[in-house]
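As structure tokens, the structure follows; a few thoughts come after it.
The values are calculated or read from the model by the stated rules, or taken from the named source; none is laboratory data. Because the structure is a prediction, the values reported are computed rather than measured. Using ideal geometry, Cβ is built from the backbone for each residue, glycine included, and neighbour counts are taken over all protein chains shown.
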Amino acid sequence: MTDMRGAAIRLSSVTKRYSEHQPPVVNDVCLEIAAGEFITLLGPSGSGKSTTLNMIAGFEQLTAGDILIDGVSVASLPPYKRGLGMVFQHYALFPHMTIAQNVAFPLQQRKMRKRDIQRRVDDVLDLVGLAHLRDRLPGQISGGQAQRVALARAVVFEPHVLLMDEPLGALDKKLREQLQGEIARMHRELGITFIFVTHDQEEALALSDRIAVFEGGRIEQVGTAQELYARPASLFAAEFLGESNVFHGMITERRGRVSLVGEGFEVLTDDGRAGLVGTAGVVVVRPERIRLTVGDVAVEHDVNAMTATVTHIVYQGSYRKVAFRTDAGTTGSAREPAGAESSAMPGDRVTLCWRVGDGVIVPAQSVPVVGLPGDALVESTS
Amino acid sequence: MPISSTPIMSASAPERPVRRLLWLSARPWYGVLLVVPAVCLLATVFAYPVAALIWLSFADPSLGLENYHRLLTDGVSLLVLLRTLRMATIVTLVTLLLAYPYAYLMTLVGRRARSVMVALVLLPFWTSLMARTFAWIVLLQDNGPINDLLAMVGLGPLELAGTEAGVTIGMTQVLLPFMTLPLYGTLRTIDRRLLDAAIGLGARPLTAFRRVYLPLSMPGVVAGAMMVYILALGFYVTPAMLGSPSESMISQLMTVRITQLLDFGAGGALATVLFLLTLLLLALVSRFLSPSAALGMSTRGER
Ligand SMILES: Nc1ncnc2c1ncn2[C@@H]1O[C@H](COP(=O)(O)OP(=O)(O)O)[C@@H](O)[C@H]1O
Ligand SMILES: [Mg+2]
């Protein structure tokens, strides 16, 4: 298990259409995945994540585009010649074979010698800590154990890439977190490329080197968790990952700054996306960036201020969430860590402050951001 | 399963039948009443005659193993028994070869096509066995349509009517549904995504089928084969009408012994042997499958 290494994968304008009359299910997806990277395809149900993964695995044919593994096109190869590991949400263990036989299966397909198979199966079952279950049938083990076996079976033949389609989706929260830890450890120890599909943003944030946000068959944005959180490229990406305060208006240029003018308010940003000036847009501000003060405050330089009324407060243990409605009618919330709360209470008049740099401008509607010139956050292979 | 009261049900309007059933399940031993009619019927029309025949095989004309000795030495009974076993085996294999792809296709097609396919399987049940067997006599004649067809491609004429081949063809057609339905019952429960998993792990499609699908389909294969084999062992009408007396099967021999020779002892011995063979088969198979699965009643193996 030591000399494994990952493969680089390149999706180039990958498109899948099931029917002429319907829009493509996967639409012109471009993505570069580095060797050894842990990338997550994140998006709501039906956004085309599984279809994309199945095209990489070879279970689905591409309508257009190409998929390259280490620079070689695999688009016309059947799945059994691609040599990728795959883990499904439904485990897909063979019910008539013991755990050891399940794990041995891919090695037998590769015509390995019996003694070597035995040794490798033992090694990999040790890796997932299930050596004691080797002679059980899949029907006799728990869901968490079944998924570990599926993981073992998918990596036992030392593939360069491991594909996982919502592997933890059928497990309860506690097991899910435990297995997340194990998957992260396997990624470190094996050093191969992981492509992970989920609709759970927390899972994506916890595991991934990078995340590709899917929506409607397209990639909305690709980046590290921090990039996606701090600088979402679209309203969808902003709202799908974490919570957001959203201010709608027209994007204008004023006092040398890109700002957003709404009905009865103006928000300044230092966002450099001049290309959006003159269009309808949105400023996104994360709740923990907003500072609340009861009453009026003197507005500092480079700070946006807005008056609002507190509507209600939710305690979440380590922080509290203060929901408000601005005088201009926008609802939102601020997050205050325990020990640093303001004295704001429901019904109080407060001033919201956030630094100019904390607001991010995005287009009002989702338009494909792939290929926007000069946008370093968006991976584009075009 | 004691159910103390019925507060959940009592609110609904049509509560009477529900009450009745709960009343039954609240007093489990009353449930025994439900099987009394079936037990009475089976006892009088099945168990008693079988027991009587077995008894006669040892007691008629005189107490002892005389009838079994004759069965082994009369030069006919053993021959007929072996022929019966051979033909039942052939029929079972042929029905399996025909039914497996058909049942497999049934799991792939859409709902509408599937109901057509089920109807085609059940079609034979809507016509009487006699009518179908007469039809086979016509079809299989020396100058019947099948031999005409064979002649057109330069084969034949084959002697089909009145031969083992003809009987095999007729029995296969009659018994095909008993193979197809249990087989389909099992195949439809097989998760086809397992095939994808196998292919993803490096198996070619045929290997994936052989290593994953085929083993998972075995309960259905065994159930269907059991059903067909047991039915074929005791088949009477088709061999009697399509075959010839010189190539008779065991049930024909039994009929002759009992109704024409009035030799109840010899007939009983044949019946007993057939009965024991069937039980032996069921016992063998239930080592691999639960008894209900062996009879095609459940669609899954025990595991
Ligand atoms: N075989 C198919 N035929 C037609 N449409 C399909 C098929 N498979 C998936 N789809 C459609 O493709 C879209 C994307 O599906 P999928 O990739 O499974 O989404 P996700 O995994 O992101 O939930 C869905 O709207 C789904 O209905
Ligand atoms: Mg999916």
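Which one is modelled with the highest pLDDT among residues in segment A:135-146 that are away from chain B (no Cβ under 13 Å) and not in a loop (DSSP other than H, G, I, E, B)? Ranking the qualifying residues of segment A:135-146, first place goes to A:Gln145.
For segment B:144-153, state whether one or more residues are touching a Gly at 6+ places or on another chain (Cβ under 6 Å), over 26 Å from B:Ile258 (Cα atoms) and in the same structural domain as B:Arg192 (by TED's automatic domain parsing).
First, the residues of segment B:144-153 that are touching a Gly at 6+ places or on another chain (Cβ under 6 Å): B:147, B:150.
The next check asks that each one be over 26 Å from B:Ile258 (Cα atoms); those that pass are B:147, B:150.
Narrowing the set further to residues that are in the same structural domain as B:Arg192 (by TED's automatic domain parsing) leaves B:147, B:150.
Looking through segment B:144-153, at least one residue is touching a Gly at 6+ places or on another chain (Cβ under 6 Å), over 26 Å from B:Ile258 (Cα atoms) and in the same structural domain as B:Arg192 (by TED's automatic domain parsing).
Looking at segment B:183-194, can you tell me whether even one residue there is within 14 Å of chain A (Cβ to nearest Cβ), crowded, with 16+ Cβ neighbours inside 10 Å, free of Cβ contacts under 8 Å to residues at least 60 places away in the same chain and not polar (S, T, N, Q)? Yes, segment B:183-194 contains a residue that is within 14 Å of chain A (Cβ to nearest Cβ), crowded, with 16+ Cβ neighbours inside 10 Å, free of Cβ contacts under 8 Å to residues at least 60 places away in the same chain and not polar (S, T, N, Q). When A:Ser50 is tested against the conditions (1) within 14 Å of chain B (Cβ to nearest Cβ); (2) closer than 21 Å to B:Ala208 by Cα, the lone failure is (2). When B:Met179 is tested against (1) more than 11 Å from every other protein chain (Cβ to nearest Cβ); (2) at pLDDT 90 or above; (3) over 21 Å from the mean Cα position of the chain (by Cα), only condition (3) is not met. Restricting segment A:53-63 to residues that are outside any loop (DSSP other than H, G, I, E, B) and more than 9 Å from ligand 1 (Cβ to nearest atom) leaves a set whose member that is farthest from the other protein chains (Cβ to nearest Cβ) is A:Met55. The number of residues in segment B:154-182 being free of Cβ contacts under 8 Å to residues at least 24 places away in the same chain and either within 22 Å of B:Tyr100 (Cα to Cα) or not in a loop (DSSP other than H, G, I, E, B) (or both) comes to 1.
Inside segment A:335-366, can you point out the residues that are within 28 Å of A:Leu276 (Cα to Cα), of a type in the set (A, V, I, L, M) and either within 24 Å of the chain's Cα centre (by Cα) or surrounded by fewer than 18 Cβ atoms within 10 Å (Cβ to Cβ) (or both)?
Taking segment A:335-366 first, the residues within 28 Å of A:Leu276 (Cα to Cα) are A:352-366.
Okay, now just the ones that are also of a type in the set (A, V, I, L, M), so A:352, A:356, A:360-362, A:364.
Of everything in segment A:335-366, those that are within 28 Å of A:Leu276 (Cα to Cα), of a type in the set (A, V, I, L, M) and either within 24 Å of the chain's Cα centre (by Cα) or surrounded by fewer than 18 Cβ atoms within 10 Å (Cβ to Cβ) (or both) turn out to be A:Val356, A:Val360, A:Ile361, A:Val362, A:Ala364.
Please tell me if A:Gln89 is surrounded by fewer than 21 Cβ atoms within 10 Å (Cβ to Cβ), within 16 Å of ligand 1 (Cβ to nearest atom), touching a residue at least 60 places away in the same chain (Cβ under 8 Å) and of a type outside the set (A, V, I, L, M). Considered against the rule, which asks whether it is surrounded by fewer than 21 Cβ atoms within 10 Å (Cβ to Cβ), within 16 Å of ligand 1 (Cβ to nearest atom), touching a residue at least 60 places away in the same chain (Cβ under 8 Å) and of a type outside the set (A, V, I, L, M), A:Gln89 comes out as yes.
Having 3 or more residues that are of a type outside the set (A, V, I, L, M, F, W, C) is the bar; report the helices (runs of 4 or more DSSP H) wholly within segment B:183-294 that clear it. I'd like the intermediate steps shown before the answer.
On the way: elements: B:193-200, B:205-208, B:214-233, B:237-242, B:250-255, B:264-286, B:291-294.
Helices (runs of 4 or more DSSP H) meeting the threshold: B:193-200, B:214-233, B:250-255, B:264-286.
Checked against the criterion of being at pLDDT below 95 and more than 19 Å from B:Gln252 (Cα to Cα), the candidates B:Met130, B:Met117 yield just one match: B:Met117.
Counting only strands (runs of 3 or more DSSP E) that fall entirely inside segment A:314-357 and contain at least 1 residues that are more than 30 Å from A:Arg254 (Cβ to Cβ) and not aliphatic (A, V, I, L, M), the qualifying elements are A:319-326, A:331-337. The lone criterion from (1) at pLDDT 85 or above; (2) surrounded by fewer than 17 Cβ atoms within 10 Å (Cβ to Cβ) left unmet by B:Pro245 is number (1).
Within segment A:51-63, count every residue that is among the small types (Gly, Ala, Ser) and either more than 16 Å from ligand 2 (Cβ to nearest atom) or surrounded by fewer than 21 Cβ atoms within 10 Å (Cβ to Cβ) (or both). Even if it seems obvious, please write down each step before you answer.
Initially, segment A:51-63 is screened for residues among the small types (Gly, Ala, Ser), giving A:57-58.
Going one step further and asking which of them are either more than 16 Å from ligand 2 (Cβ to nearest atom) or surrounded by fewer than 21 Cβ atoms within 10 Å (Cβ to Cβ) (or both), we end up with A:58.
Of the residues in that region, 1 qualify.
Please tell me if B:Ala225 is within 14 Å of chain A (Cβ to nearest Cβ) and modelled with pLDDT of 85 or more. In short, no.
Matching residues to (1) in a helix (DSSP H, G or I); (2) buried (at least 20 other Cβ atoms within 10 Å of the Cβ); (3) away from ligand 2 (no atom under 16 Å from the Cβ); (4) within 14 Å of chain B (Cβ to nearest Cβ):
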{"position": "A:Ala7", "(1), (2), (3), (4)": "no, yes, yes, no"}
{"position": "A:Ser13", "(1), (2), (3), (4)": "no, no, yes, no"}
{"position": "A:His21", "(1), (2), (3), (4)": "no, no, yes, no"}
{"position": "A:Gly46", "(1), (2), (3), (4)": "no, no, no, no"}
{"position": "A:Gly65", "(1), (2), (3), (4)": "no, no, yes, no"}
{"position": "A:Ser76", "(1), (2), (3), (4)": "no, no, yes, no"}
{"position": "A:Pro95", "(1), (2), (3), (4)": "no, no, yes, yes"}
{"position": "A:Val103", "(1), (2), (3), (4)": "yes, yes, yes, yes"}
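Among the residues that make up segment A:24-33, is at least one of them within 12 Å of ligand 1 (Cβ to nearest atom), surrounded by fewer than 23 Cβ atoms within 10 Å (Cβ to Cβ), part of a loop (DSSP other than H, G, I, E, B) and more than 14 Å from chain B (Cβ to nearest Cβ)? Yes, because at least one residue in segment A:24-33 is within 12 Å of ligand 1 (Cβ to nearest atom), surrounded by fewer than 23 Cβ atoms within 10 Å (Cβ to Cβ), part of a loop (DSSP other than H, G, I, E, B) and more than 14 Å from chain B (Cβ to nearest Cβ).
For (1) on the phi < 0 side of the Ramachandran plot; (2) assigned to a helix (DSSP H, G or I); (3) without any contact (Cβ under 8 Å) to a residue 40 or more places away in the chain; (4) under 22 Å from the mean Cα position of the chain (by Cα), each residue gets a yes or a no:
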{"residue": "B:Ser62", "(1), (2), (3), (4)": "yes, no, yes, no"}
{"residue": "B:Tyr68", "(1), (2), (3), (4)": "yes, yes, no, no"}
{"residue": "B:Thr84", "(1), (2), (3), (4)": "yes, yes, no, yes"}
{"residue": "B:Tyr104", "(1), (2), (3), (4)": "yes, yes, no, yes"}
{"residue": "B:Ala131", "(1), (2), (3), (4)": "yes, yes, yes, yes"}
{"residue": "B:Trp136", "(1), (2), (3), (4)": "yes, yes, no, yes"}
{"residue": "B:Leu150", "(1), (2), (3), (4)": "yes, yes, yes, no"}
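Considering segment A:121-148, and only residues there that are without any contact (Cβ under 8 Å) to a residue 40 or more places away in the chain and among the hydrophobic types (A, V, I, L, M, F, W, C), the residue that is surrounded by the fewest Cβ atoms within 10 Å (Cβ to Cβ) turns out to be A:Ala131. Residue selection: B:Phe209 satisfies the criterion of being more than 10 Å from chain A (Cβ to nearest Cβ) and at pLDDT 90 or above.
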